[in-house]
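To start, I am sharing the structure in question, which I have written as structure tokens.
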Amino acid sequence: MPAATPNAPILIISGTNRPGSHALKVAHVLERHYRQAGAPVELLSLEQMPPEAFDPASYAKKPQPVVEIQNRVLGASGLHVVTPEYNGTFPGVLKYFIDLLKFPESFEHKPVAYVGESAGLWGALRSVEQLQMVFGYRHAHSYPVRVFLPGVNKLFDAAGNLSDPAVDQRLGDQVRGFVRYIARFSAAEGT
């Protein structure tokens, strides 16, 4: 019997604001897999962070565009974070995004899945592990099946399509497993 799909959307977060990033390409692959699984899904690229978010006053009084993003996070049944590795860690804009959201409820008991991608050999292993510490501190439930994509710069063709069927299979397996993971949490909480 197939697992129930979540009622609220799963929010995929492309964890960098660099234009044309590999993280966004991977996020689009995940989005396709969620749609194929029949799960509601939304995509948030940190390229979409409103300029008002970077005003120091936005910590105290959230501008409306930041409130809208915050509400997407709060309303999501789970988060699927795609992070590159920059200088041995996840991007600063991703940490800023996390810090900008409501504490503690933004991630409290929220299921979170991770994909790490990098041009290097380890596929952002450090970035994902560091993110797991941050989300663990915020009492999120980390999905244990992580996907690491080393050599990401060689995984997409010139049109931005994923060209490695084995990687596509791993991402699809992670998506289907994460949908089941979220369903178990929803059932336990009676939602």
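The values are calculated or read from the model by the stated rules, or taken from the named source; none is laboratory data. None of the values given here were measured: they were computed from a predicted structure. A quick note on method: Cβ atoms are made from the backbone with ideal geometry, for glycine too, and the neighbour counts reach across all protein chains shown. We work out accessible area using only protein heavy atoms, side chains counted, and drop any ligands, DNA or RNA first. Shrake-Rupley method; radii C 1.70, N 1.55, O 1.52, S 1.80 Å.
One line per residue, one yes/no per condition, for (1) among the charged types (D, E, K, R); (2) modelled with pLDDT under 95; (3) over 18 Å from SER14 (Cβ atoms):
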position: TRP122; (1), (2), (3): no, yes, yes
position: GLU129; (1), (2), (3): yes, no, yes
position: ARG146; (1), (2), (3): yes, no, no
position: LEU155; (1), (2), (3): no, no, no
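Can you name the residue in the range 159-189 that is assigned to a helix (DSSP H, G or I) and acidic (Asp, Glu) and, of all such residues, is surrounded by the most Cβ atoms within 10 Å (Cβ to Cβ)? Before you say what the answer is, go through the steps one by one.
Restricting attention to the range 159-189, the residues satisfying the condition of being assigned to a helix (DSSP H, G or I) are 165-189.
With acidic (Asp, Glu) added as a condition, the list becomes 168, 173, 189.
Numbers: ASP168: 16, ASP173: 13, GLU189: 8.
Residue satisfying both the conditions and the ranking: ASP168.
Just checking, which of VAL147, VAL128 is within 20 Å of ASN87 (Cβ to Cβ) and open to solvent by less than 30 Å² (accessible area, probe 1.4 Å)? I'd like the intermediate steps shown before the answer.
Working: VAL147 fails: within 20 Å of ASN87 (Cβ to Cβ).
It is VAL128.
Within the range 52-74, can you find the residues that are of a type outside the set (A, V, I, L, M, F, W, C) and under 21 Å from the mean Cα position of the chain (by Cα)? Please lay out each step first, then the result.
So in the range 52-74, the residues of a type outside the set (A, V, I, L, M, F, W, C) come out as 52, 55-56, 58-59, 61-65, 68, 70-72.
Across the range 52-74, the qualifying residues are PRO65, GLU68, GLN70, ASN71, ARG72.
Here's a follow-up. Taking the residues in the range 130-147 that are part of a loop (DSSP other than H, G, I, E, B) and touching a helix residue (DSSP H, G or I) at 6+ places or on another chain (Cβ under 7 Å) as candidates, determine which candidate is nearest to PRO91 (Cα to Cα). Spell out the reasoning first.
Taking the range 130-147 as the starting set, the residues that turn out to be part of a loop (DSSP other than H, G, I, E, B) are 138-140, 143-146.
Right, trim to touching a helix residue (DSSP H, G or I) at 6+ places or on another chain (Cβ under 7 Å) and you get 143, 145-146.
On the way: TYR143: 21, VAL145: 22, ARG146: 18 Å.
Per the criteria, the residue is ARG146.
A further question on this structure: As an exercise: evaluate TYR59 against (1) open to solvent by 20 Å² or more (accessible area, probe 1.4 Å); (2) modelled with pLDDT of 95 or more and give the number of the one condition it does not meet.
With respect to (1) open to solvent by 20 Å² or more (accessible area, probe 1.4 Å); (2) modelled with pLDDT of 95 or more, TYR59 is out only on (2).
With the requirement that a residue be of a type in the set (Gly, Ala, Ser) and either open to solvent by less than 50 Å² (accessible area, probe 1.4 Å) or under 20 Å from ASP173 (Cβ atoms) (or both), what does the range 105-125 give you?
Step one: of the range 105-125, the residues of a type in the set (Gly, Ala, Ser) are 106, 113, 116, 118-120, 123-124.
Selection gives SER106, ALA113, GLY116, SER118, GLY120, GLY123, ALA124.
Within the range 1-22, take every residue that is hydrophobic (A, V, I, L, M, F, W, C) and within 18 Å of GLY78 (Cβ to Cβ) and give me the one that is most open to solvent (accessible area, probe 1.4 Å).
Among residues in the range 1-22 that are hydrophobic (A, V, I, L, M, F, W, C) and within 18 Å of GLY78 (Cβ to Cβ), the one most open to solvent (accessible area, probe 1.4 Å) is ALA4.
Between VAL41, VAL81, VAL26, which is in contact with a Pro (Cβ under 7 Å, 6 or more places away or on another chain), of a type in the set (Val, Ile, Thr) and open to solvent by less than 20 Å² (accessible area, probe 1.4 Å)? Steps first, please.
Values: VAL81 fails: in contact with a Pro (Cβ under 7 Å, 6 or more places away or on another chain); VAL26 fails: in contact with a Pro (Cβ under 7 Å, 6 or more places away or on another chain).
One residue alone meets the criteria, VAL41.
Suppose the filter is among the polar types (S, T, N, Q), in contact with a Lys or Arg (Cβ under 9 Å, 6 or more places away or on another chain) and exposed (fewer than 14 other Cβ atoms within 10 Å of the Cβ); does ASN153 pass it? Working first, answer last.
Numbers: among the polar types (S, T, N, Q): yes; in contact with a Lys or Arg (Cβ under 9 Å, 6 or more places away or on another chain): no; exposed (fewer than 14 other Cβ atoms within 10 Å of the Cβ): yes.
For ASN153, the condition - among the polar types (S, T, N, Q), in contact with a Lys or Arg (Cβ under 9 Å, 6 or more places away or on another chain) and exposed (fewer than 14 other Cβ atoms within 10 Å of the Cβ) - is not met.
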